[in-house]
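Here you go, one structure.
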Amino acid sequence: MKVMVTGVNGQLGHDVMIHLHRQGIEGIGVDIQDFDLTDEDAVMSYVKKVQPSAIIHCAAYTAVDKAESDIARCCMINGEGTKNLVRAAVSVKAKMMYISTDYVFPGEGVEPYETMDPKGPKNIYGQSKLQGEMAVSSQMTAYFIVRTSWVYGVNGNNFVKTMLRLGKERDSINVVCDQIGSPTYSYDLARCLVDLIQTTRYGVYHATNEGFCSWAEFAQAIMDKAGLNCKVHPVLTIQYKTAAARPLNSRMSKDSLDRAGIARLPQWEDALERYLMELR
Ligand SMILES: NC(=O)c1ccc[n+]([C@@H]2O[C@H](COP(=O)([O-])OP(=O)(O)OC[C@H]3O[C@@H](n4cnc5c(N)ncnc54)[C@H](OP(=O)(O)O)[C@@H]3O)[C@@H](O)[C@H]2O)c1
């Protein structure tokens with residue numbers, strides 16, 4: 001099996017390469033220096049040259065707030081860029097794994113979302129990722145769509161690194177307490193993706209670390225586990241203005257993984273501890 005991984009300079013792509021290597025699978029990591037996803041010809045010629053048997057598509061425009069004022073670029077990369085990759089995958093008969101997000105859902109209620117629940121993104125990033133999902137599901141049969149949430153990894157900037165920095169600089173910080181979801185360590189997610197890509201259990205999946213918390217609870221856990229004396233003040237989303245609206249309910253059901261016989265990810269608290277050790 002030869003797996004091409006897009007977004008290898010990012011958090012998840014980096015960790016997917018580690019797990020491919022560990023499992024003795026040939027991995028070809030690519031990023032913007034190899035081709036721009038929005039360049040249809042460049043994508044096609046690169047994929048034809050490499051001839052992967054599978055593609056794990058981790059690359060994306062991920063700046064959620066910036067996307068609100070950079071709509072065309074965000075949709076071009078996440079929507080059209082994915083379409084370009086799908087065309088190329090079909091041409092070499094590669095199976096495709098597209099990484100998507102909890103932000104495709106409207107985020108209402110308190111129940112965990114099932115994979116086929118109605119979509120309704122609240123922001124441009126979510127809309128663009130849903131366009132990407134549709135590009136995959138409308139043109140292919142041999143595909144996996146894997147939605148995840150609140151990702152942090154060693155290779156990149158993320159909420160945990162921001163909290164560690166602020167925790168050293170400040171006595172207290174405000175963090176929203178009414179958005180509930182699952183923080184996800186990209187290393188744990190990558191293991192799950194590499195397990196799944198080796199199967200033919202095509203379909204839509206949710207994969208996050210186990211358990212749910214608010215951003216404020218997550219921030220408090222980061223401070224506690226890192227031994228930082230910074231007080232976390234819980235605030236409501238309406239008190240904390242951001243350019244992009246965010247869903248309050250990001251809980252996702254992981255039953256799809258159970259049905260496919262793929263091991264769930266560990267608890268989020270356990271993942272955070274291992275991540276902090278890795279950073280040290
Ligand atoms: N981060 C999260 O909290 C989160 C939550 C849910 C789902 N996801 C999804 O999970 C996946 C991985 O996320 P991540 O956090 O690992 O992302 P990331 O760290 O932002 O990495 C994305 C990579 O894609 C590259 N890229 C951007 N535009 C490109 C283009 N036009 N052509 C080629 N490469 C391009 C980026 O390069 P540059 O840095 O040079 O732009 C970057 O190296 C994404 O699909 C994301 O939508 C992420």
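Based on this model, can you work out whether GLY107 counts as at positive phi and either of a type in the set (A, V, I, L, M) or buried (at least 18 other Cβ atoms within 10 Å of the Cβ) (or both)?
It is true that GLY107 is at positive phi and either of a type in the set (A, V, I, L, M) or buried (at least 18 other Cβ atoms within 10 Å of the Cβ) (or both).
I would also like to ask the following. So, in segment 1-60, of the ones that are polar (S, T, N, Q) and within 22 Å of TYR152 (Cα to Cα), which residue ends up nearest to the chain's Cα centre (by Cα)? Let's see the steps before the verdict.
Residues of segment 1-60 that are polar (S, T, N, Q), as a first pass: 6, 9, 11, 23, 33, 38, 45, 51, 53.
This time we only want the ones that are within 22 Å of TYR152 (Cα to Cα), so: 6, 9, 11.
Details: THR6: 13, ASN9: 14, GLN11: 9 Å.
Looking at residues that are polar (S, T, N, Q) and within 22 Å of TYR152 (Cα to Cα), I get GLN11.
Report yes if PHE159 is aromatic (Phe, Trp, Tyr) and near the ligand (Cβ under 9 Å from one of its atoms), otherwise no.
Yes: the conditions hold for PHE159.
Considering LEU164, LEU189, LEU228, which residue is modelled with pLDDT of 95 or more and within 15 Å of the ligand (Cβ to nearest atom)? Before you say what the answer is, go through the steps one by one.
Numbers: LEU164 fails: within 15 Å of the ligand (Cβ to nearest atom); LEU228 fails: within 15 Å of the ligand (Cβ to nearest atom).
The conditions single out LEU189.
Give THR82, THR101 a once-over and let me know the one that is modelled with pLDDT of 95 or more, surrounded by 24 or more Cβ atoms within 10 Å (Cβ to Cβ), of a type in the set (S, T, N, Q) and more than 23 Å from ILE180 (Cα to Cα).
Checking each option against the conditions leaves just THR82.
Here's something else I'd like to know. Looking only at helices (runs of 4 or more DSSP H) that fall completely inside segment 1-105, which ones have 2 or more residues that are touching a residue at least 24 places away in the same chain (Cβ under 8 Å) and touching a strand residue (DSSP E or B) at 6+ places or on another chain (Cβ under 9 Å)?
11-22, 40-50, 81-92
Continuing with the same structure: With the requirement that a residue be closer than 17 Å to TYR202 by Cα and either polar (S, T, N, Q) or in a helix (DSSP H, G or I) (or both), what does segment 110-154 give you?
To start, the set of residues in segment 110-154 that are closer than 17 Å to TYR202 by Cα comprises 114-116, 132-148.
Selection gives THR115, GLY132, GLU133, MET134, ALA135, VAL136, SER137, SER138, GLN139, THR141, THR148.
Sticking with this one: Scan (1) crowded, with 21+ Cβ neighbours inside 10 Å; (2) within 13 Å of the ligand (Cβ to nearest atom) for the single condition ASP65 breaks and write down its number.
Just one mismatch for ASP65, condition (1).
If a residue must be surrounded by 15 or more Cβ atoms within 10 Å (Cβ to Cβ) and in contact with a helix residue (DSSP H, G or I) (Cβ under 8 Å, 6 or more places away or on another chain), how many such residues does segment 39-48 contain?
Final tally of qualifying residues: 5.
Moving on to the next point. Failed condition for ALA219, given (1) surrounded by fewer than 18 Cβ atoms within 10 Å (Cβ to Cβ); (2) more than 17 Å from the chain's Cα centre (by Cα), with all others met?
So the condition that ALA219 fails would be (1).
Conditions tested, residue by residue: (1) closer than 23 Å to GLY261 by Cα; (2) away from the ligand (no atom under 13 Å from the Cβ); (3) of a type outside the set (Ser, Thr, Tyr); (4) surrounded by fewer than 20 Cβ atoms within 10 Å (Cβ to Cβ).
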| site | (1), (2), (3), (4) |
| --- | --- |
| ASN174 | no, yes, yes, yes |
| PRO183 | yes, no, yes, no |
| VAL194 | yes, yes, yes, no |
| TRP215 | no, no, yes, no |
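The values are calculated or read from the model by the stated rules, or taken from the named source; none is laboratory data. These figures come from a predicted structure and were not determined experimentally. Glycine also receives a Cβ, built like all others from the backbone with ideal geometry; neighbour counts cover every protein chain displayed.
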